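The structure appears below as C-alpha cells.
The values are calculated or read from the model by the stated rules, or taken from the named source; none is laboratory data. Quick caveat, the model's predicted, so the values are computed rather than measured. Cβ placement follows ideal geometry from the backbone for every residue including glycine, while neighbour counts extend to all protein chains displayed. The area values use the complete protein model at the heavy-atom level, side chains included, leaving out ligands, DNA and RNA. Shrake-Rupley method; radii C 1.70, N 1.55, O 1.52, S 1.80 Å.
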Amino acid sequence: MKTIDTPIIKDLVLIGGGHSHVAVLKRFGMRPVPGVRLTLICQDAHTPYSGMLPGYVAGHYSFDDAHIDLGALSRFAGARFYQNYATSLDTKIQKVICEGRPAVSYDLLSINSGSTPNTAIVHGAAANVVPVKPINRFLGHWASLKERVLKHKGTMRIAVVGAGAGGTEILLAIQYRLEKLLNEEEKNKNNLRYYLFSQAAEILPTHNQNVRKCFQRVLTDRKVEMYTGDSIVEVSSGKLRTAKGAEFEVDEILWVTAAGAPFWLADAGLQVDKDGFIQVKNTLQSVSHPNIFAAGDVATLLGNPRAKSGVFAVRQGKPLARNLRRMLLGKNLVPFKPQKSFLSLISTGDKYAIASRRHFFIKGRAVWYWKDWIDRRFMKKYNDLPDMPEEDQASLPNGLASKEVIKEISAIAMRCGGCGAKVGATVLARALNNLKPVPRDDVIIGLHEPDDAAVVEVPNGKVVVHTVDSFRAMIDDPYLFGKISANHSFGDIYAMGGEPQTALAIATIPFGIEEKVEDTLTQMMTGAMEILDEAGAALVGGHTSEGAELSLGFAVNGLIDRDRVMRKGGLRPGDKLLLTKPIGTGTLFAADMRHKAKGRWIAAALDTMVQSNRRAAYCLMDHKSLACTDVTGFGLLGHLVEMIRASEVDVELDLREIPFLDGAEETVRAGIVSSLQPQNVRLRRAVENLKHVGQDKRFPLLFDPQTAGGLLASVSAENAEECVKELKTLGYAGTKIIGTVLPQSNQLEPITVLV
Ligand SMILES: Cc1cc2nc3c(=O)[nH]c(=O)nc-3n(C[C@H](O)[C@H](O)[C@H](O)COP(=O)(O)OP(=O)(O)OC[C@H]3O[C@@H](n4cnc5c(N)ncnc54)[C@H](O)[C@@H]3O)c2cc1C
C-alpha cells in the first residue's frame, strides 16, 4: 500500500469493471488527480472482454487472453479494489450498499455494470435457463456443461434463445468446441442437437441481408435448427413453449435475449428509461443525479439511444474519464458524440468471421485474423501496464477542494506529534459508537464505560495468554485489512490453544479530512470486529492516531487451562506435521505491489487470510496435538526451526506435500520475494540436504513470511489422517500432512527436505 502524502479530499467510486471503467482506471493511473481516491467495486477480479468471449468458449483463447485483470489494473491506477457486488445505492447519504461489507461512501459515482438478458418477462425463465450474462457466471456453467456433454450418453439438446449477433455467435462457438472435445475423446458428436430461437422474423435482425444470408447458410450447414418469428412464452424444466403453441423438449437452455437492467438503479431513485437503464445526458452524467455518471450497457443516452454493445461501452471510456476528471475539478463537462453505427466482426466459432457495418459485408478466415489482431491489441493496453514513476507529494489541483476544506487541510499540515497526533475525539466517538463489542461477564470496565484502562477478571482455574501484533496495511481495503490484522493477532492465542478474552486495538489512520478519517476507521474496525465477535473476544479499548500509513494491531488476552497449553516444544518422534493453510502471501503481495500478481491469486490469498485459525486450533486440540504454532513472519521453515529447537527433535519435510497459494510458485520463480525474505533465508543452514533441495524452484517459499498464516502442528501418526479430514470439513481445504518428526540425530542440520 502506498504512503498517502496528499490528504484524501474526494472519493470517486466506480461500480462495475466494465469496458468503460477499465479505460477510466487506466487514464487515472496515467494521470492521477492528487487528493482523489478511486475505489472500484466489481464482483469479478477478472472482467471478460466481450469481443473475445466467443473465441474463449471456442477454445482459441486462454482465460487470461480474454479477461482484463482488474486487481492489477486497480493497483496501477492507485485504486482500492473491492471484489464485491453493489446491491443498492443510498443517494441521500452518498453510499453504495454492498454484499457483506460496510457501505462505501462516494463524492462522485460512476456506474458501468453492464446488463443481463431479461429473464423476468418469460414465465419460468428465471428458474430454468442459464443467462449468458453476467459472463463470468455463464463461464462457470459452461465449464460444467462441457463435462456433462462428455459424460452424457444418447441425444443431448442445446437451445439458445435469442438470435442476435451474441446468441448466434455463442451457439456456433459452443458447437465448435463441444464437437472438438467429443472428437478428441472419440465420441459421437451427432448425439448433440442445437436449436436457435428468434422472436424476430429473421436471425441477426439488425444486420444487413448479406450477413443474415451468410449466417443462415452456416447454421444450416452445421445442422442448427432455427425457429424464427415466434417468441418463447413459457419455460419449465427441460421444456420451451412458444407463442404459436409449439413445444420443445431440451436439455440445456441458454438465454441471450435483449439486455435487461438491474432493479436497484430505479429503486435508488435514479431516472431510468422504460427498460430500467440509467438515463444520462450527452456528458454521461445522470439526468437526475449530477454526481452520478453511467456508461456502457447500463446507461441510455437521452434522445440518442444506442444498441447495447461492447463497442459503445469501449468508446465511452475516454469521454467518461474526461468528464469525471472535470467534474472533480469543478470544470464544465464536455459533451460526447456517439457514433451512429459500428463495425461488427462476428465469428462462426471455427476461426472464420463475417464483417458487418450497415450495407458493408465481407467474410473469410482473414476477417477472423483481423478481428483477432484488433482484440489482442485492445487487451494489451490493459494487461501490459507500463511502470509509472513514484510520485512525490503532489499539491492539490485547483477546483478540487472548497475553501473550508483547504482550511482543514492547512490545519492537518500544522498538526503536532505526540498526543497531538491522536485522531480527534469527535471522529473517534462517531466511528467507535457503532461498534458493539461482545458482552462478557469477566469484562468489568470496557470500551463503552471509558476509563484510563480496561479492567478484566480472570475466571477461576484459568491462566492468561498475552500477545501483541501490529503491521501496516498491505492492501487498500480497510475493511479486509481490519479482518486480516485481527486474525493475525489472534493467531498466537489459538496456536497456544487459548480462547481469546479481550483485545486492545492500536491503529494509525492516514492524515485526511475528518469524514475520510472517520470512514477509514469505521471500515477497518468493522472488519476487525467481525473477527473479534467470532472469537467471542471483547474490544476493551485502544489507541488511534494519524500517520502516513494505515496500520492496525491488537494486544490480545486469552484464557487457557494451565494443563492444556500447546507449546512449540511438544513435537515427539513419530508425530506427523500438519499445515492448515497454503503459504505464499509474502511473495504474492510483493508481486501485487509491482503489478505482477493476477487478481485471482490475490483474491484467493485474501480468502485464506480472512479465515480464522480458531476452529483449526480446537480441532487440533481434540486430536491431542501437543505442539502448535502459527506461521507468520519467519516463514514456514523459521517457525519449524523454533519448534525443532524447543522439542529437541529432527524433522523430515516433504516439499511435494506443502500447499502453496495459487500464483506463489510463479512469483517466486520470477524472483519476487517479500522484503523480509532475506532475513528468513539465513535459516537455510538448518537444512541437511541443502545442496540438492536448494535447486528446487519451490524452495524459497519455505522462507516466505506469512500474514495471517495457518497453524503448523504435530499430531500422532494414528490421529493425523482423521484430523486432516476433520480440518477439511471445517473449511481448511488446503490442510496437508507435510512431514514427520524424527528422533534427534547428532547432525547439526535437523531438517531433511524431500523433493
Ligand atoms: C455472447 C455475447 C457475445 C457478445 N459479443 C460482443 C462482441 O463481439 N462485440 C460487442 O461489442 N459486444 C458484444 N456483446 C455485448 C457486450 O457483451 C456488452 O454490450 C458489453 O459487455 C457491455 O459492456 P459494459 O462495459 O457495459 O459491461 P460489462 O462488460 O457487462 O461489465 C460489467 C462488469 O460489472 C460487473 N457488475 C455487474 N453488476 C455489478 C454490481 N452490481 N456490482 C459490482 N459489479 C457488477 C460485471 O460482473 C462485469 O464485470 C456480446 C454479448 C454476449 C452475451
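Model label sites at Asp607 and Ala246, defined 7 Å from Cα along the beta-carbon direction, differ in position by 4.3 nm.
With every protein chain in place and a 1.4 angstrom probe, the accessible-area ranking of Arg594, Arg157, Arg80, Arg212, largest first, reads Arg594, Arg157, Arg212, Arg80.
Within the full protein context, the accessible area of Phe263 is estimated at about 150 Å² for a probe radius of 1.4 Å.
Under 5 Å from the amide H of Lys363 lie the amide H atoms of Ala355, each residue being 5 or more positions distant or on a separate chain, with H modelled from the backbone and absent for Pro and chain starts.
Measuring nothing but protein heavy atoms, the accessible surface of segment 198-352 at 1.4 Å probe radius is 49 percent carbon and sulfur. Near Lys239, the amide H atoms lying under 5 Å from its own belong to Val250; only residues 5 or more places off or on other chains count, and H is placed 1.01 Å from N.
Between the alpha-carbon centres of segment 518-554 and segment 1-55 there is a gap of 26 Å.
A 1.4 Å probe over all protein chains sorts Ser236, Ser286, Ser395 by accessible area into Ser395, Ser236, Ser286, starting with the largest. The share of C-alpha pairs in segment 441-521 whose separation exceeds 21 Å stands at 46 percent. Using the 1.4 Å probe convention, the accessible area of the chain works out to 44 Å² per residue with neighbouring protein chains retained.
For segment 284-330, compute Rh as the Kirkwood radius over C-alpha pairs and then the Stokes-Einstein diffusion coefficient at 10 °C and 1.306 mPa s; write the answer in µm²/s, rounded to an integer. It diffuses with D of about 142 µm²/s by this estimate.
State the extension gain, in nm to one decimal, for the chain segment bounded by Asp275 and Ser341, taking 0.36 nm per residue of separation less the distance between their alpha-carbons. Length gained between Asp275 and Ser341: 21.6 nm.
Kirkwood-based Rg over Rh for segment 127-238 (C-alpha set), two decimals? Computed over Cα atoms, the ratio is 0.96.
For segment 1-119, the share of alpha carbon pairs falling in successive 10 Å distance bins from zero is 13, 41, 33, 11, 2 percent.
Here segment 443-558 exposes an accessible surface that is 52 percent carbon and sulfur, computed with a 1.4 Å probe and the other protein chains kept in place. Annotation: amide H of Glu549 has no partner in the under-5 Å range at sequence separation 5 or more or interchain, hydrogens built in the peptide plane. Each 10 Å bin, from zero up to the one with the longest distance, holds this percent of the alpha carbon pairs of segment 602-663: 16, 42, 36, 5.
Within a straight-line Cα-Cα reach of under 22 Å, Lys331 can be paired with the following lysines, leaving aside sequence neighbours fewer than 8 residues apart in one chain: Lys10, Lys26, Lys281, Lys318, Lys403, Lys407.
With the whole protein complex present, Val455 retains an accessible surface near 60 Å², based on a 1.4 Å probe. Given the rule -39500 (n - 2.57) for each run of at least 4 DSSP H residues, summed and divided by the residues of the chain, what is its mean residue ellipticity at 222 nm, to the nearest 500 deg cm²/dmol? The helix contribution divided over the chain gives -10500 deg cm²/dmol. Each label was represented as a point 7 Å from its Cα along the Cα-to-Cβ direction; for Arg567 and Glu147 these points are 4.7 nm apart.
The gain in end-to-end length when the Asp696 to Asp533 segment is fully stretched comes to 54.4 nm, 0.36 nm per residue minus the alpha carbon separation.
Report, to two decimal places, the Cα Rg of segment 659-747 normalised by 2.2 N^0.38 Å (N = number of residues). Ratio of Cα Rg to 2.2 N^0.38 Å: 1.27. Evaluated over segment 612-755, the count of Lys pairs having alpha-carbon atoms less than 25 Å apart is 6 (only pairs 8 or more residues apart or interchain). Computed from backbone phi, the HN-Hα couplings of segment 127-134 come to 8, 10, 10, 10, x, 7, 10, x Hz, rounded to whole numbers (Karplus: 6.51 cos²θ - 1.76 cosθ + 1.60, θ = phi - 60°; Gly and Pro given as x). One decimal place: the segment Ser62-Lys725 gains 235.3 nm when fully extended, by the rule 0.36 nm per residue minus the C-alpha distance.
Legend: residues Val687, Val755, sorted from most to least accessible area (1.4 Å probe; ligands, DNA and RNA excluded), read Val755, Val687. The Cα-based radius of gyration of segment 1-62, divided by its Kirkwood radius, gives an Rg/Rh of 1.12.
Three semi-axes describe the equivalent ellipsoid of segment 585-704; taken as square roots of 5 times the Cα gyration tensor eigenvalues and ordered largest first, they are 24, 21, 12 Å. Here Lys483 is the anchor, and the lysines within straight C-alpha reach of less than 21 Å, apart from those fewer than 8 places off in the same chain, are Lys2, Lys436, Lys516, Lys581.
For a paramagnetic label modelled on Ala453 (point 7 Å from Cα along Cα→Cβ), amide N atoms under 17 Å away belong, within segment 525-566, to 540-543, 555-558. For segment 307-390, the Cα-based Rg and Dmax, in that order, read 17.1, 51 Å. Taking every protein chain into account, the 1.4 Å probe leaves Lys213 with about 120 Å² of accessible area, to the nearest ten. Each eigenvalue of the Cα gyration tensor of the chain, multiplied by 5 and square-rooted, gives one semi-axis; in descending order these are 49, 35, 24 Å.
Extending 7 Å from the Cα toward the beta-carbon at both Lys380 and Ser88 defines two label points whose distance is 4.7 nm.
Here the 3J(HN,Hα) profile of segment 92-109, calculated from phi with Karplus coefficients 6.51, -1.76 and 1.60 at θ = phi - 60°, is 6, 9, 6, 9, 9, 8, 10, 7, x, 7, x, 4, 10, 7, 9, 9, 10, 10 Hz, Gly and Pro shown as x.
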